[in-house]
Structure formats: C-alpha cells, structure tokens
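Student: Before I ask anything, here is the structure I am working with.
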Amino acid sequence: MDGYGHRWIRGRGFQRTHRLAWEGAHGPIPLGMLVLHHCDNPPCMNVNHLFLGTQADNIADAQQKGRFPRASMCHGSRTMYNHYDCRCTECTRANTDYYRRRRARRRNEHVRTAD
C-alpha cells in the first residue's frame, strides 16, 4: 500500500501497525497527534523507535533528516516545488503558454503537410 504495515481490525478497518503497537504499549493516541518513527523505517513497529508528535513535528523531523523538500523562492512567491514541477502562478502561466504555442505549431505543421 504505502510502505507502512497494515492490519485489518473489525469495526475500524485497516489500521497501521505502528499505531496499533503504540496503542498496545501506551494506550490511545491523543486527538491531533501522530505516531512518528525515530528510525524512519515505515513498517517498523518497535515501540522504542516510536514517538508522538504533531504534523508540524513530523515535517520538522523530516526536514532535519533531509527527507522533505524545503520551501524555495520561485518568481517571488514562497512555494514548495522542485524545478521540474513548479506550481506557482507564473510558472503555470508560462507552461500553459508554452503548450498552447506548441499545439498551434503542430496544427500548422499538420495543415501544411495535408496540402
């Protein structure tokens, strides 16, 4: 599925096994908290490798370990991107213009070859 261990629990559906391990050792997971891995091994269920944290903690942990893209400046807007797949407004417009011109050029070539 997504690299994490899963187990079917009647009435709860598929549950991630590291969350089940945490609940078995420490009780229910508080609302808004995630079970994070010190070891960065998604299928790991060792409770000594797990800790509770928020989504912000999860992102900070991933950035500290170099596993998360950093926000970068792109055309003056702060956005998460890599240079192959930028989604800022300026790049989206430029890509749209590029593909429209390319499509028009191909139509013109097709018309010329049909004559």
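Student: What does the charge add up to near Met33, with Lys and Arg as +1, Asp and Glu as -1, over the other residues with Cβ less than 13 Å from its Cβ? Before the final figure, lay out the partial values.
Tutor: Numbers: positive: Arg19; negative: Glu23, Asp57.
Combined, the nearby Lys, Arg, Asp and Glu give -1.
Student: Based on the Cβ-Cβ distance of Asp40 and Gln15, what FRET efficiency does E = 1/(1 + (r/R0)^6) give at R0 = 25 Å, to the nearest 0.05? If you can, show how the numbers build up before the last one.
Tutor: Details: r = 21 Å, r/R0 = 0.82.
Calculated value: 0.75.
Bear in mind these aren't lab numbers, they're just calculated from the coordinates by the rules spelled out. Predicted, not measured: the structure shown is a model, and the values here were computed from it. Every residue, glycine among them, receives a Cβ derived from its backbone with ideal geometry; neighbour counts consider all protein chains shown.
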